[in-house]
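*Asks:* Once you've had a glance at the structure underneath, I'll fire off some questions.
The values are calculated or read from the model by the stated rules, or taken from the named source; none is laboratory data. Everything numeric here is computed off the predicted structure, so don't read it as measured data. Using ideal geometry, Cβ is built from the backbone for each residue, glycine included, and neighbour counts are taken over all protein chains shown.
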Amino acid sequence: MIFQLIKIITLFYEGLALNYYFLIDVYDFMVRIEGSDFPDNLYYHREHMWVKIEGSNVRVGYNDWAQQAAGKILNLKARKPGAMIEAGKTLGSIESGKWVGSLKIPISGELIQMNEEVLKDPSLINKDPYGKGWVALVKPTKITEEIKTLILGNDKPALEAWLKDEKAKNKK
Amino acid sequence: MRKLRTRNRLGLNIEQWRLIDLGYADPYIAQTFYESIAETVENGLSPNTLILVIPSSAYACIGYHQDLEKEIDLQYTQKKKLPIIRRSQGGGATYLDSNQLFYQIISKQSQVIPTNIDKLFEKLLSVTVETYRSLGLSADFKPLNDVVVNNKKISGNGASTSESTTILVGNIILDLDYEQMARVLRVPDEKFRDKIAKSMIDWVTSLKRELNQVPSINYIKMKYLEQFQNILGIKLVKLEPLEAEWKIFKEKTLPRNLSHEWLYMEAPYSSKTGRSIKIAHEIKVSEVDYKTIKMLRIRAELKQNQILNIQIRGDFFANPKESIKNLEETLAGTIINELNIKKIINEFFNSHKVDIPGISNEDIVNAILKLVNT
């Protein structure tokens, strides 16, 4: 009986330790700047979309700071899969409140897939901007040169400098 | 970018903006000419600009992301030869005519215009608020982007950003044709239309209704321009549009807005169910159908998720027969969430000994919950 109790207590603390290390894992990979989260394994475009390299494709979405600034996203309209897109140009439009703005794609290439769940419920971008709220999958055509123009997620000073500029613009 | 600057009494530089007063203009000019101006502002050919204009005739107008065929009664608009124009700002379908004074604010890199959208609306709509106050109304700003008098909406506003240029469009409502506002909308049936019209009367107002008369348009413009310059701290210089802007309008803006492709543009996918018309800030009229053995149709006027009033109809009969009316009265004022609605419905059915063959308590609960997703 007493050995079973010791085993249970040991397992309990092992579990706690695992959770602790998992949490450290998660927060180790997340840069938090002034209330907004930036996973450090992503690249960030100054027009507010993030980029994740997945083999020969890239996944893109809207960053945490931008979704907070936009407010609850009500509508999202985007170009269709198969379209050729150019970095810095419009992927689509978003609407929040009664404001309509553009989604600027950070990478040139072929649009392979739009996230159907986000098209059905654009507020997923607000709820989970780096997970379920991803926006599009792209087959890039100029990744080597264009990735150099993006801010790497683990470059905290560069992220902070960029956000400082954005916040200053938005404080007015 | 071409910038106009002047100095104030303290010798400090203040921005000068261009004022274009188009007077009474064709609906397409009234609703879309500002897009041509936005292009020249973006390209640095023109300074930041305020346009004042009144449509010379009526038209229906839909928001950028709306589905034309779902929103507008096309048979009616075709019969009445009413143009339909899709604007480049968001929001819902509306009917516009000569009883609104439009203000259209186009700016790029202005020190006086916030880039934060919430602050943009607050600052620019304070001009509208102060204009109404100077005309004798107790107007207030209601976030995100409404102006209200006695809690009734008295201005419609929307914004968009294109490249580096921000556009805010809105109106001073001189008078309203409530019947036409409801008539141009596509509705499931005429009772729904009546409900919308009634809701509009309850929640949307005008200068005429609040003051029993409409001040002269020149006086209203004068007040608006005074407030615009005071609040923004800028000087307006009245100028005519450039020839280049009219060229852009004729060759680009107008053809795009007349095109079938633009008007019938595919709307974003929507997972919303039923039919819902936004009346004012938090107010909407919604309808859902719920099919079980029988059919339930729930129609309600909602303030966010609160039921203001509700009608429960369908191909069923209830015993006692006045129980549905009593249930509707009981539900008025309720916040729609599963716990609340279940409790009310169950208690009502038990205490009033209600029997509706083919419809269970759960059916009514589920039908009402569907309203949230309209």
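*Asks:* Scanning the range B:89-122 for residues that are within 11 Å of another protein chain (Cβ to nearest Cβ) and in contact with a helix residue (DSSP H, G or I) (Cβ under 6 Å, 6 or more places away or on another chain), which turns out modelled with the highest pLDDT?
*Replies:* B:V112
*Asks:* I've got another one for you. Can you name every residue in the range B:253-269 that is among the small types (G, A, S) and free of Cβ contacts under 8 Å to residues at least 24 places away in the same chain?
*Replies:* Of the residues in the range B:253-269, the ones among the small types (G, A, S) are B:259, B:267.
Scanning the range B:253-269 gives a single hit, B:S259.
*Asks:* Specify which of the listed residues (B:L82, B:L45) is surrounded by 18 or more Cβ atoms within 10 Å (Cβ to Cβ) and not small (G, A, S).
*Replies:* Going through B:L82, B:L45 in turn, the sole match is B:L82.
*Asks:* Any chance you could count how many residues in the range B:345-371 are farther than 15 Å from B:L296 by Cβ and either surrounded by fewer than 17 Cβ atoms within 10 Å (Cβ to Cβ) or without any contact (Cβ under 8 Å) to a residue 12 or more places away in the chain (or both)?
*Replies:* 7
*Asks:* One residue is enough: does the range B:308-316 have a residue meeting the conditions aromatic (F, W, Y) and in a helix (DSSP H, G or I)?
*Replies:* no
*Asks:* Please determine, by comparing only the residues of the range B:144-167 that are within 16 Å of the chain's Cα centre (by Cα) and at the interface with chain A (Cβ under 9 Å from one of its Cβ atoms), which one is surrounded by the fewest Cβ atoms within 10 Å (Cβ to Cβ).
*Replies:* Restricting to residues being within 16 Å of the chain's Cα centre (by Cα) and at the interface with chain A (Cβ under 9 Å from one of its Cβ atoms), the top hit is B:L144.
*Asks:* For the range B:270-290, which positions are part of a loop (DSSP other than H, G, I, E, B), in contact with a strand residue (DSSP E or B) (Cβ under 9 Å, 6 or more places away or on another chain) and not charged (D, E, K, R)? Spell out the reasoning first.
*Replies:* Our first condition is that a residue be part of a loop (DSSP other than H, G, I, E, B); within the range B:270-290, this holds for B:270-274, B:281-282.
When the remaining residues are screened for being in contact with a strand residue (DSSP E or B) (Cβ under 9 Å, 6 or more places away or on another chain), the result is B:270, B:273-274, B:281-282.
Selection gives B:S270, B:T273, B:G274, B:H281.
*Asks:* Exactly one of these conditions fails for A:K164: (1) surrounded by fewer than 16 Cβ atoms within 10 Å (Cβ to Cβ); (2) charged (D, E, K, R); (3) outside any helix (DSSP H, G or I). Give me its number.
*Replies:* Result: A:K164 passes all but (3).
*Asks:* Just one of the numbered conditions (1) in contact (Cβ under 8 Å) with a residue 40 or more places away in the chain; (2) within 11 Å of chain B (Cβ to nearest Cβ) is not true of A:E116; which one?
*Replies:* So the condition that A:E116 fails would be (1).
*Asks:* What number of residues within the range B:22-76 are closer than 30 Å to B:T374 by Cβ and among the charged types (D, E, K, R)?
*Replies:* The number of residues fulfilling the criteria is 5.
*Asks:* Pick out the one residue from B:S98, B:S88 that is in contact with an Asp or Glu (Cβ under 7 Å, 6 or more places away or on another chain) and not β-branched (V, I, T).
*Replies:* Working: B:S98 fails: in contact with an Asp or Glu (Cβ under 7 Å, 6 or more places away or on another chain).
Result of the check over B:S98, B:S88: B:S88.
*Asks:* Are there any helices (runs of 4 or more DSSP H) wholly within the range B:165-222 with 1 or more residues that are touching a Leu at 6+ places or on another chain (Cβ under 9 Å) and within 30 Å of B:V112 (Cα to Cα), and if so which?
*Replies:* B:207-211
*Asks:* Kindly list the number of the only condition in (1) over 18 Å from A:K167 (Cα atoms); (2) within 8 Å of chain A (Cβ to nearest Cβ); (3) touching a residue at least 40 places away in the same chain (Cβ under 8 Å) that fails for B:L125.
*Replies:* (2)
*Asks:* Would you mention how many residues in the range B:304-331 are among the small types (G, A, S) and modelled with pLDDT of 95 or more?
*Replies:* Going through the range B:304-331 one residue at a time, the tally reaches 0.
*Asks:* So B:N48 passes all but one of these: (1) at pLDDT 95 or above; (2) under 22 Å from B:R86 (Cβ atoms); (3) of a type in the set (S, T, N, Q). Which condition number does it fail?
*Replies:* The one condition B:N48 does not meet is (2).
*Asks:* A further question follows. All but one of (1) of a type in the set (D, E, K, R); (2) within 14 Å of chain B (Cβ to nearest Cβ); (3) assigned to a strand (DSSP E or B) hold for A:E110; state the number of the condition that does not hold.
*Replies:* (2)
*Asks:* Let me ask something additional. Please specify each residue of the range A:80-107 satisfying the condition of being part of a strand (DSSP E or B) and away from every other protein chain (no Cβ under 11 Å). Let's see the steps before the verdict.
*Replies:* Just the residues of the range A:80-107 that are part of a strand (DSSP E or B), to begin with: A:84-85, A:90-96, A:99-104.
A:M84, A:I85, A:L91, A:L103, listed by residue number.
*Asks:* Could you check, for the range B:182-198, whether at least one of its residues is within 14 Å of chain A (Cβ to nearest Cβ), touching an Asp or Glu at 6+ places or on another chain (Cβ under 6 Å) and buried (at least 16 other Cβ atoms within 10 Å of the Cβ)?
*Replies:* No, every residue in the range B:182-198 fails to be within 14 Å of chain A (Cβ to nearest Cβ), touching an Asp or Glu at 6+ places or on another chain (Cβ under 6 Å) and buried (at least 16 other Cβ atoms within 10 Å of the Cβ).
*Asks:* Yes or no: A:S93 within 30 Å of B:N145 (Cβ to Cβ), polar (S, T, N, Q) and at pLDDT 90 or above?
*Replies:* In short, yes.
*Asks:* So, one more: How about the range A:46-79: which of its residues are surrounded by 21 or more Cβ atoms within 10 Å (Cβ to Cβ), away from every other protein chain (no Cβ under 14 Å) and not in a strand (DSSP E or B)?
*Replies:* Across the range A:46-79, the qualifying residues are A:N63, A:D64.
*Asks:* Being surrounded by fewer than 17 Cβ atoms within 10 Å (Cβ to Cβ) and in contact (Cβ under 8 Å) with a residue 40 or more places away in the chain is the filter; apply it to the range B:290-310 and report the residue that is nearest to B:D202 (Cα to Cα).
*Replies:* Result: B:N305.
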